[in-house]
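Report on the structure given below.
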Amino acid sequence: MAEITTPRGTKDILPGEVSGWQRVEQVFRQVCGSYGYQELRTPIFEHTELFSRGIGEGTDIVEKEMYTFTDKGGRSLTLRPEGTAPVVRSFLEHRMYGDPEPTKLYYLGPMFRYERPQTGRYRQFHQFGAELLGVVDPLGDVELIIMVMDFYRVLGLHDCTLTINSIGCRECRSVYIEELLSFLSNRLEGFCPDCRRRYAQNPLRVLDCKEQGCKQELAQAPLIKDYLCPECKEHFAQVLALLDDLKEDYVVNPFLVRGFDYYTRTVFEISSGLLGSQDAVGGGGRYDGLVAEMGGPSTPAVGFAAGMERVLLVLEKCGTQISIPPVCQVYLAVTGGELRAPACKTLFGLRRLGISTEMAYETRGMKGQFKSANRLGARFVIVYGESEYQQGKVTLKDMTTGKECLVDEACLFDEVQKRL
Ligand code: HAM
């Protein structure tokens, strides 16, 4: 029978890797907590309409990449490809907009996109992200940007570049799109087939095509910064000024547009020079129109998400050791079958004190038990031997120094705690 493996684009996170994941998650929770964000957990699948309306019908994600299925009740459901639309749905469903203070939420978990798998790009991947709802001030954009950059810094992720742009509001952008379309219409033959399709469906996406030929064609293209309305121009200037004040380095890239229809004004991406073509470790932006489009009261919002697998890849490339091997603090070695009962009491007693303790599941020779203790990296071995036990004692061996001593079993827990 053929071996059943993980589906293409997915992978197991093996026990040796999990501690690295937990460390990154812990740092993320800590950083979010200090910025006043609270965790929100939304379902893995949502009504398909949430994403087609939220992300936009003409986007690559909605057109080509969603895992959509019909359930037994005939509903069209989709495995979430991103976290922003679900957060907005939850914000509306639970009337969070009624709160007097801005809503500050973070999330982490698996996302699903039917993309061509390669290093750093998977079909099931994990994001952690944060959304700030109810703040129109540029300080909101900057808070999110600095928060994600702080998170990378705490992890020790260096060599990250913050790229930023403003794509304006619906009004000024539509004027710009007209200009862009007329520019593109005269030279469409020079663009790749994907860009020719984008020209008809989502012309802004032509701007961030990675094809060299398209990049050359775009050299003379009109730039959105020249079409921003006074309010959008002022907003962007303030975002950049605040970043300057806070000494956060950035690069303004007038071609950065990102792949979601919900963005307005600020968009940003963080990339790492240590990754290959899939170099974005995070990205986000402002989406002032989305809450109203989903049927809620007009609510400005801004957010970002970062990719867990890519962050871990960069850490690995930097040589940062973040996986912590499991610790076995105490190993119980038992000589005779009848001593297993008191040893078992010690086994569970030490574990309940939070001391990681192991013992062989079946009766084995002493040599084999010490071999296991060494393999597990045990700090101490407690030997239950017949003659010592008759006097109420056990042997406590320090595996780093090799020294051993007899200890009254009644004082064993205190003795172990004292020495650890
Ligand atoms: P995004 O740029 O599509 O934005 O994804 C954010 C990050 O998720 C990327 O920078 C990348 O690190 C990671 N990522 C995306 N696709 C994959 C994949 N197939 N495999 C591995 N990692 C991947 C969003 O999802 C927006 N919801 C961000 C946002 C939040 N905007 C406002 N609020």
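Quick one: which of 11/367; 371/393; 367/403 span more than 28 angstrom between C-alpha atoms? Flagged as over cut-off: 11/367. Comparing 153, 187, 364 in a Gaussian network model of the chain where C-alpha atoms under 10 Å apart are linked, the largest mean-square fluctuation is found at 364. Looking at region 259-355, none of the chymotrypsin sites (Phe, Trp or Tyr not before Pro) sits in a DSSP loop with at most 14 other Cβ atoms within 10 Å of its own Cβ. Taking the C-alpha atoms only, the angle from helix 170-185 to the longest principal axis of the chain is near 70 degrees. Computed over region 330-419, the convex hull of the alpha-carbon atoms projects to a mean area of 5.2 nm².
Find the accessible area per residue for the chain; the probe is 1.4 Å, ligands and nucleic acids are left out, and the unit is Å². Provide the component values of the computation, followed by the final result.
Values: 20920 Å² over 420 residues.
With the other protein chains kept in place, the chain gives 50 Å² per residue.
Computed about its Cα centre, the charge dipole of the chain is approximately 1320 debye, with only Lys, Arg, Asp and Glu carrying charge at their Cβ.
The distance from the alpha carbon centre of region 344-420 to that of region 5-34 is 33 Å, rounded to a whole number.
Within the chain, what percent of beta bridges assigned by DSSP are antiparallel, to the nearest 5? Please list the in-between numbers first.
Numbers: 52 of 64 bridges.
Of all bridge pairs located within the chain, approximately 80 percent are antiparallel.
Determine the dipole magnitude for region 330-419: charges of +1 sit on the beta-carbon of Lys and Arg, -1 on that of Asp and Glu, nothing else is charged, the reference point is the Cα centre, and the result goes in debye to the nearest 20. The partial results should precede the final answer.
Working: 14 positive and 11 negative charges, 79 e Å.
The dipole of region 330-419 has a size of about 380 debye.
Suppose R0 equals 35 Å; then what is the FRET efficiency for residue 320 and residue 139 from their Cβ-Cβ distance, rounded to the nearest 0.05? Numbers along the way, then the final one.
Working: r = 32 Å, r/R0 = 0.90.
E(calc), rounded to 0.05, equals 0.65.
Please state the charge dipole magnitude for region 106-159, taken about the Cα centre, from unit charges on C-beta atoms (+1 on K and R, -1 on D and E), reported in debye and rounded to the nearest 20. Don't skip to the answer; put the middle values down first.
Details: 5 positive and 7 negative charges, 102 e Å.
Using Cβ point charges on Lys, Arg, Asp and Glu, region 106-159 gives about 480 debye.
Which of the GluC sites (Glu not before Pro) across region 114-220 are loop residues per DSSP, with 16 or fewer other Cβ within 10 Å? Provide the component values of the computation, followed by the final result.
Details: sites: 115, 131, 143, 171, 178, 179, 189, 211, 217; in loops: 115, 211.
The qualifying sites are 211.
Counting charges near residue 86 (Lys, Arg +1; Asp, Glu -1) among other residues having Cβ under 12 Å from its Cβ returns a value of -1.
Which of 366, 169, 54 sits closest to the plus end of the dipole of the chain, meaning its Cα is farthest towards the positive end, when Lys and Arg get +1 and Asp and Glu get -1 on the C-beta? The Cα lying farthest towards the positive end belongs to 366. Against the empirical curve 2.2 N^0.38 Å, the C-alpha radius of gyration of region 148-240 lands at a ratio of 1.31. Ranked by the mean number of other Cβ atoms within 10 Å of their residues, highest first, the peptides 223-236, 272-285 come out as 272-285, 223-236.
Given the Cα-Cα distance of residue 253 and residue 71 and 0.36 nm per residue of separation, how much length would full extension add, in nm?
On the way: separation 182, 0.36 × 182 = 65.52 nm, distance 4.30 nm.
Full extension from residue 253 to residue 71 adds 61.2 nm.
Between 0 and 90 degrees, the angle of helix 340-352 with respect to the longest Cα principal axis of the chain falls at about 40 degrees. Taking the charge dipole of the chain about its Cα centre, with +1 at Lys and Arg Cβ atoms and -1 at Asp and Glu Cβ atoms, the residue from 337, 119, 296 reaching farthest to the positive side is 337.
What fraction of the DSSP beta bridges in region 330-419 is antiparallel, stated in percent and rounded to the nearest 5? Antiparallel bridges make up about 55 percent of those DSSP assigns within region 330-419. Under the criterion of Cα pairs below 8 Å and six or more residues apart, the relative contact order for the chain equals 16 percent. Translational diffusion of the chain was estimated from the Stokes-Einstein equation, with Rh taken as the Kirkwood radius over Cα pairs; at 10 °C and 1.306 mPa s the coefficient is 63 µm²/s.
Looking at region 336-420, the GluC sites (Glu not before Pro) that sit in a DSSP loop and have at most 11 other Cβ atoms within 10 Å of their own Cβ are 362.
Using a 1.4 Å probe on the protein heavy atoms, what percent of the accessible area of the chain belongs to carbon and sulfur? Result for the chain: 52 percent of the exposed heavy-atom area is carbon or sulfur. Just checking the listed ones, 97, 389, 199: in the Gaussian network model of the chain with Cα springs under 10 Å, the one fluctuating most is 389. Compared with the dominant Cα axis of the chain, that is its longest principal axis, helix 308-318 is turned about 70°. Translational D (Stokes-Einstein, µm²/s) of region 1-67 at 20 °C and 1.002 mPa s when Rh comes from the Kirkwood sum over C-alpha pairs? The calculation lands on 134 µm²/s. Largest GNM mean-square fluctuation across 303, 134, 213, computed for the chain with C-alpha springs under 10 Å, falls on 213.
The values are calculated or read from the model by the stated rules, or taken from the named source; none is laboratory data. On a predicted model such as this, the values are computed, not experimentally measured, just so you know. Cβ sites come from the backbone with ideal geometry, for glycine too, and all protein chains shown count toward neighbours. SASA here: full protein model, heavy atoms, side chains in, ligands and nucleic acids out. Shrake-Rupley method; radii C 1.70, N 1.55, O 1.52, S 1.80 Å.
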